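So the structure is just underneath, and the comments pick up after that.
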Amino acid sequence: MAEIEARYRKKRLDRGIKARADTIFAIASRREILYLILPRVLPVILLLSLPFLLPVYWGKVLVYACIYGLLALSWDFLAACGLFSLGQAFFLGIGAYIAGGLSYYFHWSPFITLPIATIGGGVISAALLSPVVRLRGVYFAMVTLMLPMLFMKMIETTGLLGGTHGLSALKPFPAGWTGTYLVIGLFWVCLFLFRRIINEDYGLVLRAIRDDDRAVMSAAINIYWRKIQALFIAGAVGSFAGAFMTHHYQFVGMSAFALDFSILPVAAVTLGGPGTFAGAALGSMILVPLSEALRALGGMRMAIYCVILILSVIALPEGIFHYIERKYHQFEKLVRVG
Amino acid sequence: MSLLIYGTITSIILALYAAGFSLAYGISGLANFAHGALYILTGYSVWTFLNQIGLPYFLSALLSVIIIGFLGFALYWGLLLRVRGVPLAELIVTFAAGIAILELLMWKGFYGIQYSLPLFVRGGVKLGGVAVDYQRLFVIGTGIVLVVLLYLFVHHTKIGLAFRGMAQNERTALSVGIESDWIGSLSLAAGSALAAVAAVVVLPLGVMESAIGYEVLIYALAVAIIGGLESTPGMILGSFIIGFGQVATAKYLGPKWMIIVPLVAIILVLAVRPSGLFGQFKELEERI
């Protein structure tokens, strides 16, 4: 490859307002306060008001986007401690079947089954994956890819929990906005909670496990126990999404373990930007409506996702959110080399 | 007796599934998650050559193996080269490519009874009172021949030795003039071609559908995790454990429990020997 002599290079500098807002001046003027608060508050207000503004159909899509968003957040949380999951559908399916089973056999209301499914799903996911937390990277991904497929096969062949027909006529949420705002609220809580946790001491340990697990071990921290905790948190969030979906559609079937639920969160995080959680949220808010728009293509949808996934991994490895964040905080100018 | 014979057959089928995946991963560290998709694509390609173009069976099988091998080669230079060295990005790319292939095939309506490959030879023999058809014997033969050929190839040819050099230490291999990208792409091509060979001999035994692609991937992964990814004896032992486990489960507990065998085997092996049965220390370091 011929080398091109570079005459200019890009120089990036923090904007003045960023430098000021990082320090005590943050509360000195209205401009700095807005600079800090607007990017956090505007999306919240937007998402809270969207159910009123959108037509009914796109309102449903929004709920769907939040379900996928929760899965993407849980994926990003696992990835932050070095556990790379290809089986988010497993968490979703466990939650969906716990809530579905309780609602079908005992006729419990969603407000009892949701907490049980969330906690129970987290415990079951962590327990089932605990033998393999010793595995890293690709090996862990292999096992997580297998789990939902095996569960799907098991339900199909043994006929437990409704078998191929699934469980239908489950208890719905009360009429009105309850369901919609429940999932939107949880989505925001998870987003900000995860962003906070990952910068606390607790999250620091998790990220250190990802970067160098041996160093963490030599600091006398039990990394396997930490990984199991991370699995519990991610599993609980995924299970909540599943349990919510069950009651929202009043149906649970084998499709809860479908590959869509595994691949779309990964696609969303890679598109949005891994490691920030905001990227995961942004990615799912882009991909899910896009998928609805592509619904006419039918079976091609998954193939198109995969193409988006490949393109975003190759062309924009940092993700959309990192890009936006950089533009917001910094300006660039070309300077002459030499 | 039937347990012994069908256990062996199942095990060798599993070993065929895993051979290509294990080869590519062992040499270049590339986990080819498109493995199952390439397997099914082979079936489709053989079917097309056979029924649409009208080539003889042997020729269409050979052509398909070559084409799939080239596809593996192209996958490396087209996509993987750009993300080489980031294992998770490699994994995402191959996985997504695999799903894209499988979903496209499904979208084109590639399922149903009309899409099945004919047996090589009809009929069968009785071995110790158990009826076995020729195709299954052929699978056993192919498995044994492949393992022997693979052994000779990696121990006695120049490229094979370069493969092993890469597998043992990539940097040292680079310093003695083994080009890492070239060998990496060759290993992926060889792995894909092995998947294609497996498809050619195994697919006539059953139906062809996209779901099989995921199944093949799962079994290849399970065998690889149990045996240790770099070692051929480990791969064979792993497939025999799962194969006999499955046949025994089907016989004594009922066929519906067969699917649990790989998962239980993985968990047991990981509890006892986290490096896999034949894994080396280097591998242990990578894994845990």
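Taken together, the values in this text are just the output of simple stated rules run on the coordinates, not laboratory data. Worth saying up front: this structure is predicted, and the values here are computed from it rather than measured. Don't worry about glycine lacking a Cβ; one is built from the backbone with ideal geometry, like all the others, and counts go over all protein chains shown.
For region A:54-259, pairs of C-alpha atoms spaced more than 29 angstrom apart make up 25 percent of the total.
Note on chain A: GNM, Cα springs under 10 Å; of A:ARG210, A:ARG15, A:ARG195, the largest mean-square fluctuation is that of A:ARG15. Once both labels are positioned 7 Å from their Cα atoms along Cα-to-Cβ, the gap between A:LYS327 and A:ALA127 label points is 4.9 nm.
With the cut-off at under 13 Å, measuring from each backbone N in region A:221-240 to a point 7 Å along the Cα-to-Cβ line of A:ASN199 picks out no residue. Which lysines, if any, have their Cα less than 29 Å from the Cα of A:LYS227, not counting same-chain residues under 8 positions apart? Output for A:LYS227: A:LYS153, B:LYS282. With a Cα-only, solvent-free Debye model of region A:227-338, what are the log10 I(q)/I(0) values at q = 0.10, 0.24 Å⁻¹? Cα-only, vacuum Debye calculation for region A:227-338: -0.40, -1.37. Partner lysines whose Cα lies under 30 Å from the Cα of B:LYS126, excluding those fewer than 8 positions away in the same chain, are identified as B:LYS251, B:LYS256. Listed by chain and number, the lysines placed with their C-alpha closer than 28 angstrom to that of A:LYS18 are A:LYS10, A:LYS327, A:LYS333; residues fewer than eight positions away on the same chain are left out. Placing unit charges on the Cβ atoms of the charged side chains and taking the dipole of the protein assembly as shown about its Cα centre, the candidate lying farthest along the positive direction among B:GLY227, B:LEU41, B:LEU91 is B:LEU91. Along region A:185-194 the Karplus relation, 6.51 cos²θ - 1.76 cosθ + 1.60 evaluated at θ = phi - 60°, assigns HN-Hα couplings of x, 4, 4, 5, 4, 4, 4, 6, 5, 5 Hz to successive residues, with x for each Gly and Pro. Note on region A:257-298: Cα convex hull, mean projected area over all directions, 3.0 nm². Phi angles of region B:146-156 translate, via the Karplus equation with coefficients 6.51, -1.76, 1.60 and θ = phi - 60°, into HN-Hα couplings of 4, 4, 5, 4, 4, 4, 4, 4, 7, 9, 10 Hz per residue; Gly and Pro are given as x. For region B:18-158, the Kirkwood estimate of hydrodynamic radius, built from reciprocal distances between every pair of different alpha carbons, is 17.4 Å. For chain A, the longest principal axis of the Cα atoms and the long axis of helix A:320-329 meet at an angle of about 40 degrees.
Among B:VAL83, B:VAL216, B:VAL125, the largest mean-square fluctuation in a Gaussian network model of chain B (Cα springs under 10 Å) belongs to B:VAL125.
Using only the alpha-carbon atoms, how far is helix A:300-315 inclined from the longest principal axis of chain A? Give it as 0 to 90 degrees, nearest 10. On a 0 to 90 degree scale, this one is about 30.
Placing pseudo-labels 7 Å out from each Cα toward the beta carbon at A:ARG12 and B:ALA131 gives an inter-label distance of 7.0 nm. A Stokes-Einstein calculation at 25 °C with viscosity 0.890 mPa s, built on the Kirkwood radius of chain B over Cα pairs, returns a diffusion coefficient of 126 µm²/s. If a paramagnetic tag sat 7 Å from the Cα of A:ILE221 along the Cα-Cβ line, which residues of region A:186-206 would have the backbone N under 18 Å from that point? Within reach of a label on A:ILE221: A:194-206. Return the single residue from B:LEU14, B:LEU88, B:LEU221 with maximal mean-square fluctuation; model: Gaussian network over chain B, springs between Cα atoms under 10 Å. Of B:LEU14, B:LEU88, B:LEU221, the most mobile in the Gaussian network model is B:LEU88. So if a site counts as exposed when it's one of the GluC sites (Glu not before Pro), its DSSP state isn't H, G, I, E or B, and it has at most 11 other Cβ atoms within 10 Å, what's the longest stretch of chain A without one? The answer is A:6-199. Relative to the longest principal axis of the Cα atoms of chain A, helix A:56-80 runs at roughly 70 degrees. For the protein assembly as shown, the normalised intensity computed at q = 0.07, 0.10 Å⁻¹ comes to -0.48, -0.96 (log10 of I(q)/I(0), Debye sum over alpha carbons, equal scatterers, no solvent).
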